[in-house]
Amino acid sequence: MTPVAVRVQKRRDALRRAGLRPVQIWVPDTRARGFDEECRRQARLVAEADRQDAKLAAFLDAAIADLDGWE
């Protein structure tokens with residue numbers, strides 16, 4: 001193993017001893033063609049749904065108000 005690989009393995013071993021485990025997470029590729037337009041499309045759908053549901057807006061406002069004082 002190369003010195004870098006040895007250091008990485010030691011770090012991973014230490015994290016495992018600390019009770020942690022590695023997790024692989026896949027996320028959208030923000031560089032992909034069409035990503036920005038898909039974001040806009042989804043944002044429009046959410047905004048339209050919010051406009052059509054007055055009870056949802058009141059619920060969200062109450063939820064936000066309930067967070068006052070949280071740190």
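Each value in this text was obtained by applying a stated rule to the coordinates, not by laboratory testing. Given the structure is predicted, the values throughout are model-derived calculations rather than measurements. Here Cβ is always computed from backbone atoms with ideal geometry, including for glycine, and neighbour counts include all displayed protein chains.
Quick notes on this structure:
- Nearest-20 debye value, the chain charge dipole, Cβ charges on Lys, Arg, Asp, Glu: 920 debye
- Gain on full stretching of the segment that runs from Val23 to Gln52 - 0.36 nm per residue minus C-alpha separation: 6.6 nm
- Euclidean distance between Cα centres, region 6-36 to region 43-71, Å: 33 Å
- Between 0 and 90°, nearest 10: helix 3-17 axis offset from the chain longest Cα axis: 60 degrees
- In sequence order, calculated HN-Hα J values of region 45-60 (Karplus, 6.51, -1.76, 1.60; Hz; x Gly/Pro): 4, 5, 4, 5, 4, 5, 5, 8, 10, 5, 5, 5, 4, 5, 4, 5
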